[in-house]
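Read through the structure below, which is laid out as structure tokens, and then see the notes.
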Amino acid sequence: MDLEGIVDTNNEWIVRRSGIEERRISSKDLNETTTDLAAQASRNALDMAGISPDKLDMIVTGTVTPDRAFPSVACMVQEILDATNAAAFDVSAGCSGFLYALSVANNAIQCGTCKTALVMGVERLSTIVNWEDRGTCVLLADGAGAVVLTSEKGENGILSTHLKSDGRLGKLLYSSEGKSRLPEVLNCIDQKSFHLKMDGHPLFKRAVNCLTSIARETLDHNAMSETDIDNVILHQANLRIIQATAKNLKIPMDRFYTNIQRYGNTSSASIPLAMDEANREGLLRSGNNVLLASFGAGLTWGASLLKWTM
């Protein structure tokens with residue numbers, strides 16, 4: 001898609017400001033709904049884990065772009081998978097949705113009420129983009145990712161998860177009623193009745209500060225230092241945010257996995273997408289300490305520390 005023909009921008013400006021070179025958008029013409037994307041990611045995760053859908057006790061989806069207000073994306077994916085034994089529901093926490101959903105599922109496992117859970121992050125941000133706003137439309141895209149959690153004894157898996165929010169800062173990133181004008185070249189997109197608004201400059205500073213502080217809190221909780229971390233996967237919002245957070249934490253950039261250049265900002269889908277690619281590339285090795293962190297609308301932010309077991 002040539003964004004230069006839609007808004008006043010150019011490729012050099014986009015790459016320099018965000019690190020994004022490509023992005024994917026779903027199409028109503030191809031019947032690519034939020035549920036479709038989530039179901040495909042779920043099948044991939046279940047196949048990789050060797051888990052049958054009927055073994056799932058819980059399905060939790062992080063999303064702010066469901067196909068309908070209800071039923072939930074999780075319930076519609078449950079129908080597609082025929083995962084009839086699972087409780088299914090969505091979590092809305094902006095770009096932090098996946099980590100919030102991960103925490104809910106992990107807590108259920110820790111409490112003994114769940115043995116196997118499917119956790120998804122999925123978005124069709126193209127449906128809520130104001131395509132006349134170059135500050136946001138060049139950043140956002142569509143995608144889905146999923147993971148399977150199981151209850152196993154031992155010191156591996158999710159070591160801890162830490163979640164924060166501050167509703168006083170919600171006006172930095174929020175949804176506003178009303179559709180924006182849709183360029184003819186984007187008629188394949190099925191727009192929703194609201195669009196995203198973002199106050200980019202203060203949001204950037206807040207994101208770096210929150211990601212840095214939540215990462216340090218997570219390390220302190222687990223009596224670890226930055227040198228103990230083998231891999232870092234941050235929400236893929238902006239390459240400059242990732243670089244600034246790495247500088248603050250004094251963790252080399254070669255430990256940070258990034259794929260924002262290929263997919264753009266996919267909100268709650270970005271961390272599971274990046275985890276999947278990093279794992280398939282052989283970068284996540286058994287025993288590695290993997291730090292996940294995200295920041296999004298709400299404002300919300302969070303981090304999770306994993307001892308990788310695959």
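Quick rundown of the values:
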quantity: Checking GLU123 against (1) acidic (Asp, Glu); (2) more than 20 Å from MET275 (Cβ to Cβ); (3) in contact (Cβ under 8 Å) with a residue 60 or more places away in the chain, the condition it does not meet; calculated: (2)
quantity: Residue satisfying condition, being in contact (Cβ under 8 Å) with a residue 24 or more places away in the chain and among the basic types (Lys, Arg), within set ARG280, ARG262; calculated: ARG262
quantity: Every residue from the range 252-291 that is in a loop (DSSP other than H, G, I, E, B), of a type outside the set (Ser, Thr, Tyr), at negative phi and buried (at least 20 other Cβ atoms within 10 Å of the Cβ); calculated: LEU284
quantity: Positions within the range 152-188 being among the β-branched types (Val, Ile, Thr) and either touching a strand residue (DSSP E or B) at 6+ places or on another chain (Cβ under 8 Å) or assigned to a strand (DSSP E or B) (or both), in sequence order; calculated: ILE158, THR161
quantity: Residue check for ASN222: within 20 Å of ASN288 (Cβ to Cβ) and either at pLDDT 95 or above or polar (S, T, N, Q) (or both); calculated: yes
quantity: Residue satisfying condition, being acidic (Asp, Glu) and in contact (Cβ under 8 Å) with a residue 12 or more places away in the chain, within set GLU21, GLU79; calculated: GLU21
quantity: Count of residues meeting criterion [crowded, with 17+ Cβ neighbours inside 10 Å and in a helix (DSSP H, G or I)] in the range 79-96; calculated: 4
quantity: So THR227, is it in a helix (DSSP H, G or I), closer than 19 Å to GLY157 by Cβ and of a type in the set (Val, Ile, Thr); calculated: no
quantity: The listed residue being out of contact with any Pro (no Cβ under 6 Å at 6 or more places or on another chain) and farther than 27 Å from PHE89 by Cβ, out of LYS192, LYS171, LYS164; calculated: LYS171
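The values are calculated or read from the model by the stated rules, or taken from the named source; none is laboratory data. These numbers were taken from a predicted model, which means no experiment stands behind them. Virtual Cβ from ideal backbone geometry, glycine too; neighbours counted across all protein chains shown.
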